[in-house]
Amino acid sequence: MDNTSLVEEIKRYRSEKNAVILVHNYQPPEIHDIADYIGDSLGLSIEASKTTADIIVFCGVFFMAETAKILSPQKTVLLPEPAAGCPMADMINAQDLQNLQKEHPHARTLCYVNTPAEVKAYSDLCCTSANAVTLVEKVLAEAGEIIFVPDKNLAHYVSRITGRRFIAWEGYCPVHADITTDDIQQQKKRHPEAEVLVHPECVPDVVDLADYVLSTEGMVRHAGSADTREFILATEKGIIYRLQKENPEKAFYPASTASVCPNMKKITLDKVLASLEEEIFEVTLPPHIMSRARESIQKMLDYRD
Ligand code: CIZ
Ligand code: SF4
């Protein structure tokens, strides 16, 4: 089937089955184009909790589909490619976290949304890159020690802004961690007027070269409202398709053309169609993990600015 026919079929099943298609910013262009909602983990989680659809087709990676399921337990949540994982999320499990908590029995635990549900279940609070600083300042202001899992680079950035020290797990995103200061400097030479927008999953030396450190939704908002016309983006380059579509008069350059998350690109139109048609691959979780994980996610949602 060609793409046009695939898209028609997807739309037909979507309305027949009362489904909604949620798409992460890092997805491929043809998946952006079939989205009911595009966003980051936080925005998509909120959509998942509000939707009246019976089925959520989640075009992203596993932990994001799990988060949608946790917030909409009565709905069918489908991940079109079950092998679309996140290597950073897989760098920690519940046992690792419990061992760390035993070493620091008085610490509160803050987990990045890029974690398995079982890790969220053993955490006090969940965060995304869009709200980590606010949550540390507002919700964890009184906490003595704070365990921050799993991203050491995000932990480093939040620590620098808030002045708090963390007991940080040594996880990282292989895609963001590969972006180098050389990549930024070379792009800066080619585009001297461009602003440098850096995701906090990048290494500290790259963060140091940023004009703005932003989550993906932060980048979308900033690029839309800034007077600047050129931007260098230090993040997964899938976001550039959305930025270019929403701001056709501006120019967006990836800091590195190698910044591609292979897991995000595992979702294809064929797989979305098969997933909707056959109602595969459904995300399920043990009820006790769901309810405990929901508490740490709900505490995050309660503190939206
Ligand atoms: O929160 C997300 O969706 C991720 C993984 C990145 C971002 O900054 O949006
Ligand atoms: Fe995970 Fe990095 Fe891919 Fe995001 S870009 S899903 S953090 S591996």
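The values are calculated or read from the model by the stated rules, or taken from the named source; none is laboratory data. Everything quoted here is computed from the prediction, not taken from an experiment. Note: ideal-geometry Cβ built from the backbone for every residue, glycine included; neighbour counts use all protein chains shown. Note: accessible area is taken over every heavy atom of the protein model, side chains too, but ligands, DNA and RNA are not part of it. Shrake-Rupley method; radii C 1.70, N 1.55, O 1.52, S 1.80 Å.
If you go through the stretch 204-212 one residue at a time, do you hit one that is open to solvent by less than 40 Å² (accessible area, probe 1.4 Å), within 16 Å of ligand 2 (Cβ to nearest atom) and either closer than 18 Å to Pro150 by Cα or touching a residue at least 12 places away in the same chain (Cβ under 8 Å) (or both)?
yes
Out of everything in the stretch 122-179 that is part of a helix (DSSP H, G or I), open to solvent by less than 10 Å² (accessible area, probe 1.4 Å) and small (Gly, Ala, Ser), what residue ends up being farthest from Ile289 (Cα to Cα)?
For the stretch 122-179, the residue satisfying everything is Ala155.
Please verify whether the stretch 60-69 includes one or more residues that are modelled with pLDDT of 95 or more, part of a loop (DSSP other than H, G, I, E, B) and within 16 Å of ligand 2 (Cβ to nearest atom).
Yes: the stretch 60-69 contains one or more residues that are modelled with pLDDT of 95 or more, part of a loop (DSSP other than H, G, I, E, B) and within 16 Å of ligand 2 (Cβ to nearest atom).
So which pairs qualify, if the first residue must be in the stretch 3-22 and hydroxyl-bearing (Ser, Thr, Tyr), the second must be open to solvent by 50 Å² or more (accessible area, probe 1.4 Å), the Cβ gap must be under 8 Å, and the two must be at least 6 apart or on different chains?
Tyr13/Glu277
Using the structure shown, decide if Ile167 is hydrophobic (A, V, I, L, M, F, W, C) and more than 25 Å from Gln95 (Cα to Cα).
no
Looking at the structure I just gave you, is Glu193 within 16 Å of ligand 2 (Cβ to nearest atom) and either surrounded by fewer than 14 Cβ atoms within 10 Å (Cβ to Cβ) or among the charged types (D, E, K, R) (or both)?
Judged against the criteria, Glu193 is not a match.
Going through Asp151, Asp182, Asp178 one at a time, which residue ends up being out of contact with any Pro (no Cβ under 9 Å at 6 or more places or on another chain), within 16 Å of ligand 2 (Cβ to nearest atom) and charged (D, E, K, R)?
Asp178
For the stretch 143-168, enumerate the residues that are more than 16 Å from ligand 1 (Cβ to nearest atom) and in contact with a strand residue (DSSP E or B) (Cβ under 9 Å, 6 or more places away or on another chain).
Within the stretch 143-168, Ala143, Gly144, Glu145, Ile146, Ile147, Ser159, Arg164, Arg165, Phe166, Ile167, Ala168 meet the criteria.
As an exercise: evaluate Lys152 against (1) assigned by TED's automatic domain parsing to the domain that holds Tyr212; (2) within 20 Å of Asp90 (Cα to Cα); (3) not small (Gly, Ala, Ser) and give the number of the one condition it does not meet.
It is condition (1) that Lys152 fails.
Scan the stretch 180-190 for residues that are open to solvent by 50 Å² or more (accessible area, probe 1.4 Å) and out of contact with any strand residue (DSSP E or B) (no Cβ under 9 Å at 6 or more places or on another chain) and jot them down.
Correct list: Thr180, Asp182, Gln185, Gln186, Lys189.
Can we say Ile232 is buried (at least 21 other Cβ atoms within 10 Å of the Cβ) and assigned to a strand (DSSP E or B)?
Yes, satisfied.
State the number of residues belonging to the stretch 70-90 that are open to solvent by 10 Å² or more (accessible area, probe 1.4 Å) and away from ligand 1 (no atom under 16 Å from the Cβ).
So the answer is 7.
Among the helices (runs of 4 or more DSSP H) confined wholly to the stretch 238-305, which include 2 or more residues that are over 25 Å from Lys17 (Cα atoms) and open to solvent by 50 Å² or more (accessible area, probe 1.4 Å)?
So the answer is 239-246, 287-302.
So how many residues does the stretch 39-59 have that are assigned to a strand (DSSP E or B), more than 11 Å from ligand 1 (Cβ to nearest atom) and either of a type in the set (Val, Ile, Thr) or farther than 23 Å from Ala274 by Cβ (or both)?
Number satisfying all stated conditions: 3.
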